[in-house]
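Only one structure is covered here, and it is reproduced in the block below.
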Amino acid sequence: MEAASDPFAIRVRDLVVGFREQIVIDHLALDVRRGEIIGLVGASGGGKSVLMRTIIGLIPKRSGTIEVLGQTIGSQQPHDPRSATLWGILFQQGALFSSLTALQNVEFPLRENLSLSDGLITEVAMAKLEMVGLTLKDAGKFPSELSGGMTKRVALARALALDPAIVFLDEPTSGLDPIAAGDFDELIKTLQATLGLTVFMVTHDLASLKSVCNRVAALADGKIVAIGSMPELLRSDHPWVKAYFHGKRSLMLQPEPS
Ligand SMILES: Nc1ncnc2c1ncn2[C@@H]1O[C@H](COP(=O)(O)OP(=O)(O)OP(=O)(O)O)[C@@H](O)[C@H]1O
Ligand SMILES: [Mg+2]
């Protein structure tokens, strides 16, 4: 099948990932559709970040296959230069360069990957910052001078710098107040709609799952144990999924009484 007509952006089959004697991902299968926002939930320490990092080739797999936009991941060549334009990443720890301003952080991947004039690079980077709702004034600030929400936006702008087809977001709204988190959710939705992005989002934020994600995948015991729309996940019989969505802290997700 031609890559462009492939309905899936990511295909993972029979994936096993571990560290020494610990198996973290255990024969996992997952398909991510092109253009969808998929949310990944799972227990803390359950392997969400490891799965994400393995999909983008940062952690070696023990066995199984991973295909991202038709490209096979994790064989011999650890760094395919094309990958920079296939996906962008917002890491769980933000990971902006502390000695660079917001603007310089967004310029960084552009300088690394494109041969454009300085003026053009700055223009493109500034456009990305504006796209995520930051101003010229914010652009000159260093990471230590940014709020948590602004930091996430800069990291998102950097992830989008090279116009990737997929963005990986590892807990993009953690640490934000509910209003800022809601704004960030709206931003992701808008960007997805306008840029046609595929979004792979790890999150514990039940509101994000409900309002942003087209589908939600639940990771437990190293496998995807449930996947589907939020209403479908709420009906899942899997014990961990039930505990996660029907526990005391998720009452807001219960269907409203009619
Ligand atoms: N580089 C590494 N070397 C050894 N063990 C690791 C490494 N990275 C992760 N692990 C282990 O893999 C397991 C899964 O970690 P991971 O970071 O994927 O959890 P998570 O689901 O993202 O959790 P959280 O929700 O807290 O972010 C943990 O037991 C962790 O200690
Ligand atoms: Mg994590």
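The values are calculated or read from the model by the stated rules, or taken from the named source; none is laboratory data. Here the structure is a predicted model, which is why all the values come from computation and not from measurement. All Cβ positions, even for glycine, are placed from backbone atoms using ideal geometry, and neighbour counts span all protein chains on display.
If the condition is being in a helix (DSSP H, G or I) and of a type outside the set (Gly, Ala, Ser), then segment 112-124 contributes Glu112, Asn113, Asp118, Leu120, Ile121, Thr122, Glu123, Val124. Annotation: of all residues in segment 166-188 being acidic (Asp, Glu) and in a loop (DSSP other than H, G, I, E, B), the one that is farthest from ligand 1 (Cβ to nearest atom) is Asp177.
Against the list (1) of a type outside the set (A, V, I, L, M, F, W, C); (2) surrounded by 14 or more Cβ atoms within 10 Å (Cβ to Cβ); (3) more than 14 Å from the chain's Cα centre (by Cα), the condition Gly39 fails is (3). For Phe142, are the conditions met, namely being under 19 Å from Cys213 (Cβ atoms) and modelled with pLDDT of 95 or more? Considered against the rule, which asks whether it is under 19 Å from Cys213 (Cβ atoms) and modelled with pLDDT of 95 or more, Phe142 comes out as no. Of the residues making up segment 93-123, those that are over 18 Å from Val167 (Cα atoms) and either in contact (Cβ under 8 Å) with a residue 24 or more places away in the chain or acidic (Asp, Glu) (or both) are Phe97, Ser98, Ser99, Leu100, Thr101, Ala102, Leu103, Glu112, Leu114, Asp118, Glu123.
Considering only strands (runs of 3 or more DSSP E) fully contained in segment 189-238, which possess at least 2 residues that are within 28 Å of Asp163 (Cα to Cα) and β-branched (Val, Ile, Thr)? Counting at least 2 such residues, we get 198-202. Just one of the listed residues (Ser63, Ser44, Ser49) is of a type in the set (S, T, N, Q), more than 13 Å from ligand 1 (Cβ to nearest atom) and at negative phi, namely Ser63. On the stretch given as segment 125-143, residues that are farther than 22 Å from Arg111 by Cβ and either in contact (Cβ under 8 Å) with a residue 40 or more places away in the chain or assigned to a strand (DSSP E or B) (or both) total 1. Among residues of segment 189-225 being more than 25 Å from Pro7 (Cβ to Cβ) and more than 13 Å from ligand 1 (Cβ to nearest atom), the one that is surrounded by the fewest Cβ atoms within 10 Å (Cβ to Cβ) is Ala207. The C-beta contact set for segment 239-258 (first residue over 17 Å from Leu40 (Cβ atoms), second residue at pLDDT below 70 and surrounded by 10 or more Cβ atoms within 10 Å (Cβ to Cβ), distance under 9 angstrom, 6+ apart or interchain) comprises His246/Leu253; His246/Gln254. Per the listing Ile10, Ile23, Ile56, the residue uniquely at pLDDT 95 or above, of a type in the set (Val, Ile, Thr) and closer than 21 Å to Glu171 by Cα is Ile10.
Here are Val24, Val50, Val16: which of them is part of a strand (DSSP E or B), surrounded by 15 or more Cβ atoms within 10 Å (Cβ to Cβ) and within 16 Å of ligand 2 (Cβ to nearest atom)? The conditions single out Val24.
Is there a residue in segment 133-154 that is aliphatic (A, V, I, L, M) and closer than 25 Å to Leu69 by Cα? So far as segment 133-154 goes, no, none of its residues is aliphatic (A, V, I, L, M) and closer than 25 Å to Leu69 by Cα. When the residues of segment 66-88 are narrowed to those that are at pLDDT below 90 and within 16 Å of ligand 1 (Cβ to nearest atom), which ends up nearest to the chain's Cα centre (by Cα)? Step by step, filter segment 66-88, then rank; the result is Gly74.
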